[in-house]
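The values are calculated or read from the model by the stated rules, or taken from the named source; none is laboratory data. On a predicted model such as this, the values are computed, not experimentally measured, just so you know. Counting neighbours? That spans all protein chains shown, and the Cβs are built from the backbone with ideal geometry, glycine included. Ligands, DNA and RNA are excluded from the accessible area calculation, which covers all protein heavy atoms including side chains. Shrake-Rupley method; radii C 1.70, N 1.55, O 1.52, S 1.80 Å.
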Amino acid sequence: MNSTEEDQPNMSEDDVTSLPPPQPPPPDLTSATVKQNPPPPSTPHHFTPNPDQVLENVLENVLCFLTERSHRNAASLVCKSWYRAEALTRSEVVIGNCYSISPSRVINRFKKVKGVCIKGKPRFADFSLLPPDWGAHFAPWVLAMGEVYYRCLEKVCLKRMSITDDDLANLAHGFPNFKELVLVCCDGFGTSGLSVLANGCRQLRVLDLVDSEVSDDEEDWISCFPENTTCLESLGFDCVEAPINFEALERLVMRSPSLRKLRVNRYVSIPQLYRLIVRAPQLTHLGTGSFSTLEDLTQIDQEPDYVSAFAACKSLVCLSGFREILPEYLPAIRPVCANLTSLNLSYANINAEQLKSVIRFCHKLQVFWVLDTICDEGLEAVASVCKDLREIRVFPLEPREEEDGPVGEVGLRAISEGCRKLESILYFCQAMTNAAVIAMSKNCADLVVFRLCIMGRQRPDRLTGEPMDEGFGAIVKNCKKLTRLAVSGLLTDKAFSYIGQYGKLVRTLSVAFAGDSDLGLKHVLEGCPMLQKLEIRDSPFGDAALRSGLHHYYNMRFLWMSSCRVTRRCGAEIAHQLPRLVVEAINWNDEGMERGEYVETLYMYRSLVGPRTDTLKFVNIL
């Protein structure tokens, strides 16, 4: 690899850290003097604009119509003038890894940004495979943005970042036009910070907290929104594990005529939910809270007519919540089922019969999340009704490794036969068969995402005892649009050879408890040219496998290996050969100290600014 390629690693479609092509800049004609014959005294003088300036002005007007990030990134690499014009017209920036570039470099390039999306910790942090204080702090970003984006910043979206109450205060007080905040799987803040944000952002339109950890500071943050009519369009706080002032919430809903999306937490009962939806029948998305009676019903003169309240919600297309559901209340949603395109029952502990009472009306459903408590029978009911289904996720109520589980090959086959338009599936089960997976590959050829999580470690085909190689091989052979794949169960190097041979569009690959030898990972790294994210845990891959990807690591966003057979020495060698690659060795628990020469966790990612400076003692930059 030559020095030019090392200095300018290729970036994925949702990164903005790409550099302009290595060519000399065009001559600067902006200050050049153009010699002209003096006009006659009676002829008015006409200014001749600089041709290059005219071209850039036209280019800026054209680039405004480019909305896809991949298209914009490609445009920025054409030449210097396109690079400048693209930066001036970019309104939203997505940082795929907060450590891949510095805040100052981003704000120096993009001067007129209205929205910023930043991703922090790798996904395996969701499974307690990364210490909570590992990093990914938002503080340096918000401080840097305050210097340049003071007037223009309107939107911030963070995923797996650590954001403090002080950071929320900086957003509230430092950006007068701030309107949208979305926090996904974030931590570090509490209800005190939410109070400051609600009080300081008078134009707030969106506040969505998704699967984030919010500390209870005993602050009545709901009461801090403006007392007059608000601009709120979306309010989601279903992950906040703290009681709220319901009367304040009810008043807030009443004075928010633009509110379309509302997700409340489990401290809101179904009688309280009734009071909210009768005051906001315009809702399109609703998170129901507990969907049970937290109050003493003897104190209520007459139980509300929940069916009529839902019937009045003519625009409702998305339902979620049901966190502490009493199944007898579930039929209340029947009036809206015919219009639903998304139904999330992933917190609802219901059985197949209870599901059937509502799913038979959901003919337009496209997205469906559910617990495995509905069993294969429930999935068969879904398959018989939801012919337009595009995404399904089946989560375990209690993750366990027993041989028999509530869902398996029967449910998977039923979905594949009944939902032929399926594009994405996440399926947790205890065991599976190759035949069921092969059937899905043939019936659902438009699959883009296939994630099969067999919770039993190295579990073979339930009926034949054979490895699951042929099943996953069929998925990558027959599903030509596949970009994301998660594999599990008993897999040999043959399965990985299939992935390398046929998975030419695979961008994200997750591997758990699988593989025979280094050859398996070598097949993937040498055969998948589009691979961006590779996550591996508890697999037998070692140094030779890691070295086989040297040619490709600059094209990837990250590689994560935990509880594998990778040594510190190999990681250091790769870091030396690829200076734009940051290699972190993470050892943070007692088990990691007993692995001898092997690193507990190796996390590699490309960066334009070198190693980070905020590491703690359990992180060693190689």
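Things worth noting here:
- Selection within region 245-278 - of a type outside the set (Phe, Trp, Tyr), open to solvent by 30 Å² or more (accessible area, probe 1.4 Å) and under 18 Å from GLU213 (Cα atoms): ARG263, ARG266
- Against the numbered list (1) farther than 26 Å from SER258 by Cβ; (2) open to solvent by less than 50 Å² (accessible area, probe 1.4 Å), GLN354 comes up short only at (2).
- Selection within region 425-455 - within 13 Å of VAL410 (Cα to Cα), within 27 Å of the chain's Cα centre (by Cα) and not hydrophobic (A, V, I, L, M, F, W, C): TYR427, GLN430
- Answer from LEU143, LEU171, LEU153 - the residue that is touching a Pro at 6+ places or on another chain (Cβ under 9 Å) and at pLDDT 90 or above: LEU143
- Qualifying positions in region 452-468 - on the phi > 0 side of the Ramachandran plot and open to solvent by less than 60 Å² (accessible area, probe 1.4 Å): GLY465
- Subset of region 469-489 (residues that are over 28 Å from the mean Cα position of the chain (by Cα) and open to solvent by less than 40 Å² (accessible area, probe 1.4 Å)): ASP469
- Members of region 123-143 found to be within 22 Å of GLU92 (Cβ to Cβ) and either touching a Ser or Thr at 6+ places or on another chain (Cβ under 6 Å) or open to solvent by 20 Å² or more (accessible area, probe 1.4 Å) (or both), listed by number: ALA136, HIS137, ALA139, PRO140, LEU143
- Residues satisfying the stated conditions in region 212-224, i.e. open to solvent by less than 10 Å² (accessible area, probe 1.4 Å) and either touching a strand residue (DSSP E or B) at 6+ places or on another chain (Cβ under 8 Å) or not β-branched (Val, Ile, Thr) (or both): SER212, TRP221
- Residues in region 530-547 that are modelled with pLDDT under 95, open to solvent by 20 Å² or more (accessible area, probe 1.4 Å) and in a loop (DSSP other than H, G, I, E, B): 2 in all.
- Selection count, region 282-306, where residues are open to solvent by 50 Å² or more (accessible area, probe 1.4 Å) and either at pLDDT 95 or above or within 26 Å of ASN228 (Cα to Cα) (or both): 1
- Residue list for region 315-331, filter: at pLDDT below 95 and open to solvent by 50 Å² or more (accessible area, probe 1.4 Å): GLU324, LEU326, GLU328
- Conditions (1) without any contact (Cβ under 8 Å) to a residue 24 or more places away in the chain; (2) buried (at least 20 other Cβ atoms within 10 Å of the Cβ); number of the one not met by ALA75: (2)
- Some residue of region 495-514 being in a strand (DSSP E or B) and polar (S, T, N, Q): yes
- Among the residues of region 152-178, those that are under 17 Å from VAL93 (Cβ atoms), part of a loop (DSSP other than H, G, I, E, B) and among the hydrophobic types (A, V, I, L, M, F, W, C) comprise CYS152, LEU153, MET161, PHE175, PHE178.
- Checked against (1) charged (D, E, K, R); (2) farther than 21 Å from ASP133 by Cα; (3) surrounded by fewer than 18 Cβ atoms within 10 Å (Cβ to Cβ), LYS179 passes all but a single condition, namely (3).
- Residue count for region 311-321 satisfying the condition of being under 13 Å from PHE291 (Cα atoms) and in contact with a helix residue (DSSP H, G or I) (Cβ under 8 Å, 6 or more places away or on another chain): 1.
- Within region 580-599, not a single residue is assigned to a helix (DSSP H, G or I), surrounded by 21 or more Cβ atoms within 10 Å (Cβ to Cβ) and in contact (Cβ under 8 Å) with a residue 24 or more places away in the chain.
- Selection status of ASP208, part of a loop (DSSP other than H, G, I, E, B) and at pLDDT 95 or above: no
- On the stretch given as region 94-122, residues that are open to solvent by 50 Å² or more (accessible area, probe 1.4 Å) and within 17 Å of the chain's Cα centre (by Cα) total 1.
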